[in-house]
Structure formats: C-alpha cells, structure tokens
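Every number here is computed from the coordinates shown, using simple stated rules; none is lab data. Fair warning: this is a prediction, and the values are worked out from it, not measured in the lab. Backbone-built Cβ (ideal geometry, glycine too); neighbour counts: all protein chains shown.
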Amino acid sequence: MSGNGFSGSRFAAMVAKEFIQMRRDRLTFAMMVGIPLLQLILFGFAINADPKNLPTAVLSADDSPFARSFIAGLANSGYFRVTHRVASEAEADRLLELGETQFVVTIPEDFSRKLQRGERPAVLIEADATDPAATSNAVATVLRMNETVLERDLTGSLARLRSQPPPFEVQVQRRYNPEGITQYNIVPGLMGTILTMTMIMMTGLAITRERERGTMEHLLATPVKPLEVMIGKIVPYILVAYIQAGLILAAAWVIFGVPLSGSLALLLASVLVFVTANLSVGITFSTLAKNQMQAMQMTFFFFLPSILLSGFMFPFRGMPEWAQWLGELLPLTHFLRVVRGILLKGNGVAEILPNLWPMLAFIAVVMTIAVRRYRRTLD
Amino acid sequence: MSNGYAIAVEGLTKRFSGREVVKRLTLEVREGEIFGFLGPNGSGKTTSIRMLCGLLTPDEGRGTCLGYDVIRETADIKRRVGYMTQRFSLYEDLSIRENLDFVARMYGMRGRRTAVENALERLGLANRREQLAGTLSGGWKQRLALAACMLHEPRLLLLDEPTAGVDPKARRDFWEQIHALAAEGITVLVSTHYMDEAERCHQLAYIAYGNLLARGTPQEVLEGSGLATWSVEGEDLYELAAELRGLAGITQVVPFGNILHVSGADPELLEATIAPFRKQAQRRWTPSEASLEDAFIHLMDSTRDNYQ
Ligand SMILES: Nc1ncnc2c1ncn2[C@@H]1O[C@H](COP(=O)(O)OP(=O)(O)OP(=O)(O)O)[C@@H](O)[C@H]1O
Ligand SMILES: [Mg+2]
C-alpha cells in the first residue's frame, strides 16, 4: 500500500471511533432512533387529510321530519358532528368566529312547506374555510346529499319529488376565505413555524454556547442571577422575531394578498406572546442540553410535532383525539388560530383570548422549568 | 470577618462520579496574605478554588470565605471575590473594552466608565480597546482576564494560574501588583506551577491527588520535606546521572545546566551511597540546599507510592 493513499485500517479506526462517540452521546442516539419513529407515528396515524366529525352548529327554524332527516344524513356522512343547536344567526356567527364549530347549517323556516310544494328550498351551509383542506371533502359530500337523503321520507304523493332535479338545494358559503385560497392558511402558518424554528434554535444555543466556550465559568462567578441570564438572552431575539414577523406579514400582504381584517396592534401583541413562549422553550433546552449539538436536536424534536400537530400542515380536526390533545399543548396551535382569526376573521381580543391564555400558561410552566434547571454551579 | 481569616475551610471534599478529586481539604488563609496553591496537573487545585467561590458545591465539609458560608452564602461571596479562571473565559467576540464593561456591569459598579478606563490604562491596552479579545495573544489574554477580575476591587482574589504563558517582565509586574494589593489588606490565593512564584508567596499549600501534603512558608515546606541535596560540578555529568539513578537513598537526580542536583530523603543513607562517587577526581561534590522544586517533586513521588 502506498503511504498517502486511502488506508483501509485508518478508515476502519475512524468508523469505530465514530461509533464509540455516538454510543457515548446517548441523546443523539435516542434522537436518531426517536425522530424516524416519531415521524412514522405522526404521518402514519395522526395525519388524516380527510377530517371527519367536524363540529357543526345547526340553526333550524323548521322541525319537520325532512329537516331532521337531513341533519341525520349530515351526521351519517361521518363528516359532521352536531355539537350546537343555536337559535339565532348571531349566535351561529359567534361560534364560527371563535372556531368552536367548523360549520353552521341553516335550515329555513318554510323548508318543509316549500319542499312539499316542489319549490326546491335551499339549505345554507357556512364553512370556516380559513383552512380549505379542512372542509373540502365535507363540503363535497354535503353537496351531493340532496339527491338521496330524503328518499325514504318522500313517499306517497311526494314520491314524484325523488326525480331529478333534487328536492332541495344546498348552498355552501365558504366564510373568511371564499375562494379557498390555501395561501391564506399557509402564510400565517409559515409565520408561526419560522418563528418557532429560529427562536427555539437561537436561544437553545445561547447557554450551551457559553458552557462550551468556557465563558459560563466566569459568568457564574459573577453575582448574576439565573433569571437575568435567561431573560437577558431572550430579549434580543424578540427584536429578531419582530423583524421576521414583519417580513412575513409584508410578503403575505403584497405577494399573496392575504387580508388583514383585524387589528395590526393586536396581531403584534399576539406575536409577542407566541415568541416569548418559543424563546422560553429554547432557553429551557439550553439549560438541559450538555452541548450545542444536543440543543439543536432538542429544537428539532420540538419543531417536528409543532409543524405536524398544530394544524399547519394538516387540518387540526383531521387528527385523532390524542393528537389533538397533544396539539393543544403546543403554542403554535394556538398561534395559528390567533393569526388566522385576526387576519381572516377579523377577531378581536375577546375572540382570541381562549387561545392566548394557553400560550401564557405555557410560558409560565416552561420558564419555571428553565429557572429550576438552570445550573448556578458547574457541578 | 471571621477572626482575621479570609478563607477558613475544613474537610472540603469533592467527588466527580464517585471519584474523590479533593479529599478533606482544610485551609486557612489570613487576610492580606499571598497564599500559593501548588500541585501537579489534575491534583484538584482548580476544583478547590471553584468550591471556595461557590462554583462547585462541596460534597462534604464546611467553611467560610470572607466570613460567608461557602455552601449557603455563595451569592455574598461572589460579589466580593475576584476569580480568574484557568481557561480564558471572557468573550472572544467582544472587544477588550466591552468585556471589561460587561464585567463591571455584572458587579453593578458605580463609576463604571472611569473604572474601565483606568483598567485599560493600567493594562496598557487603552489604544487597543476596540480590539476583539479573541484576537489578543495568549499572554495578553491572561493580563486582560486578570484586569477583569480585579475590576470590582474584590477583597479576595482567587487566581488560577494567572501567569501561565505570560512573559517574565509582565510576570514581575504582576507580582509587584499582587504584593501591593496584599499590603492594602487584600488576600490573594494563587495557583501556579512556577517555583519562583511559589517563593514569592507568604504561605504555600501543596496538594497532590486531592490530598493536602504540605503547608507553611516556603522555608517551612522546604525543611519539612527533610530532603538532603548535593550539587555536583564537573565532567560527564550525564553519565554520572545515569549511574546514580536507582541507587539506594537517591530519590532525585536533576541536571541544572552544568550542575547536577542529587537528593535523597535520608541524609545518612544518601551520604553513604555517594561516598564512592565523591572520591572520583573529575567532579566536585558540595552539600547544597534543596530547591522548592526538589521538595515538591519529592512530595509527589512519595504520594504516588502511597496512593497508587
Ligand atoms: N466537571 C468534572 N467532571 C469530572 N471530573 C472532573 C471535573 N472537573 C475536574 N475533574 C477531575 O478532577 C481532577 C482535578 O482537576 P482540577 O482541574 O481541579 O486539577 P488541577 O489541579 O487544577 O490541574 P491543573 O494543574 O492541570 O490545572 C482531575 O482528575 C479532573 O479530571
Ligand atoms: Mg487547574
């Protein structure tokens, strides 16, 4: 063998060394196994691009057998789950705005009378179309329901109504995003995911970097307090976050024409809450990780479910209950609702409050962990 | 303060994953004293110093630093102690001035700007103040770190090998400064591997493998070692050294330029062993003083016998 060529034994030694190091770094190893598993589970089971059992409010001014059959038909389709019976349009609107329900089904007063007269009355379905993917299959199904759902009710003299055209009409109104433009949903979502990624990663490295460079020893020898270090490291990134958010919002508006129906100030305030939640996650990772590599991996570990379970990539209501439950824990889930709410629905403080306080609670819990885990010594 | 002692600890023990790195360390350092902390690499000097300033929690033992409890009152200690780490621990990506300013802010100093300016002047780095600390040479980094840890006028300085890699002139300046501070009543605990520096301390402590082996003034440590030393001048010293090594009663044979130091723990046995060599005409043997270095190396060798 020549002296400066490729050496098989050197190569083998290198491989062996890498394996030893890999084995020593337990977390990396766990992550390497954990991440594919996590992906498999999330993609395989949690993600359902065909969301069913979507919460639906019914505003029925007609208590006829026909109306009841129609509503039963909705439920039987598997896409709709009647969660609310409302008495007024205002109430129904409010449910949609809050995101409590995905649909409002309105059956007019004279539904059965007109139906029997062959006047083909219309049932109105209002869908929260901020995320078009969440409603499209349900809408497609309901549009075909008028052909068959009343078959058994139309007996005797009414049997003639079974013929074409269908005995009643279904009108669908896609609220908040009438044209079903996916960018309306994706762009606010991107803002959330980009902020999550960068904020957690940057702060995740913050303390580990000090530890790795040896500057932590000097810092710890000074009278500085844990919270001072942590908040001190968080704050500069809030500025970075606003720059990012500003850019994305500008792009959303200029390039994609995403509307801003609500208040910009409210949006910016919500960004602050969301960013702080992410920064506190980052700083907590920073106190837990032994080195920068581990901090990066933890970031990724948090980021993945954030994208998959928050309703960014897949409709939230398309996920099984346990996945939704996990999703509710993530700040991104709530932030997406807030951003869509403010941008597309024109939500005000009252409407976004149910999604603000979980983020605030999240910050409190995570920061508590960070402060407790922050090592004041080099032990 | 606790009856004139800046540091008074007893039985400090530190374990890392079960291994005792510092074993029942008992130390008293009087105020205004320059206390030299010596010992071979890995003997636990840095670990001990970290326990004194609250950076590590002792597993056992108790004591005070500037009158504050080393376990419970670390915040008070940190405020009053200047700790210079062995490894450069200022921010390499901050400038000299920014680093000093940051340190001054950490201690909440009043008159920060003038303090930083004065430190820059004293360091002689005033015209390089905006240079990044990471781009300084090794010796200058040490000097900057030293200036940084003295910035807040601490009552006690814990210096972990402050002069490693520093040129002789700067080292002399440093020791003059240390003595001046001591005269003002500031206590200095300094770890070092340099014997000339050890000789400049009021008191010494020597630890090896976590055990405190010797304590006292340099003279006391020297006498305590009980080492007898002869120096040899003449020809073929290298060959002589090879012959002497391993003979009964001879523990060290060390060449110093044209002189050979031959030492042993038992003066009589040593004299008996070297008697035949002294008769050889080409070399001259004279009884001499053991150096501190001889004493420490002797201490080190004897502990290895005891502990391994
Ligand atoms: N954080 C730690 N975890 C595990 N072992 C440690 C740790 N810090 C120090 N040690 C071990 O403790 C022993 C003493 O280390 P220490 O740094 O105190 O020695 P030292 O006397 O300062 O040495 P040197 O002269 O080389 O600076 C060494 O064996 C070292 O490996
Ligand atoms: Mg050391």
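Before moving on, here are some points about what is shown:
- Relative to the longest principal axis of the Cα atoms of chain A, the long axis of helix A:292-309 lies at roughly 0 degrees.
- Per residue Cα convex hull volume in Å³ - calculated over the protein assembly as shown: 248 Å³
- For segment A:183-373: rounded, prolate or oblate by the Cα gyration tensor [a/c cutoff 1.5]: prolate
- Remark: segment A:183-373 carries a charge dipole of roughly 140 debye about the Cα centre, counting +1 on each Lys and Arg Cβ and -1 on each Asp and Glu Cβ.
- Global geometry of segment B:228-289, whether rounded, prolate or oblate, following the gyration tensor of its Cα atoms and the 1.5 cut on a/c: rounded
- Across the cross-link table entries A:Lys225/A:Lys290; A:Lys290/B:Lys14; A:Lys225/B:Lys169, which are compared at the Cα atoms, the separations over 27 Å belong to A:Lys225/B:Lys169.
- For the protein assembly as shown, a simple Cβ point-charge model (Lys and Arg +1, Asp and Glu -1, everything else neutral) yields a dipole of about 1500 debye relative to the Cα centre.
- Rounded to 0.05, the FRET efficiency of the A:Leu329 and A:Ser64 pair, given R0 = 41 Å and the Cβ-Cβ distance, is 0.40.
- For chain B, the residue among B:Trp175, B:Phe102, B:Thr187 whose Cα projects farthest onto the positive side of the dipole built from Cβ charges is B:Phe102.
- Between helix B:96-106 and chain B: long-axis angle, C-alpha atoms, 0 to 90°, nearest 10: 70 degrees
- Unit charges at the beta carbon, dipole of segment A:54-175: most positive-side option, A:Ser157, A:Leu124, A:Met145: A:Ser157
- Note: relative contact order over chain A, using C-alpha pairs below 8 Å and six or more positions apart, is 19 percent.
- Cβ-placed point charges (K, R +1; D, E -1), dipole of chain B about Cα centre in debye, nearest 20: 1200 debye
- 0 to 90° range, to nearest 10: angle between helix A:264-288 axis and chain A longest Cα axis: 40 degrees
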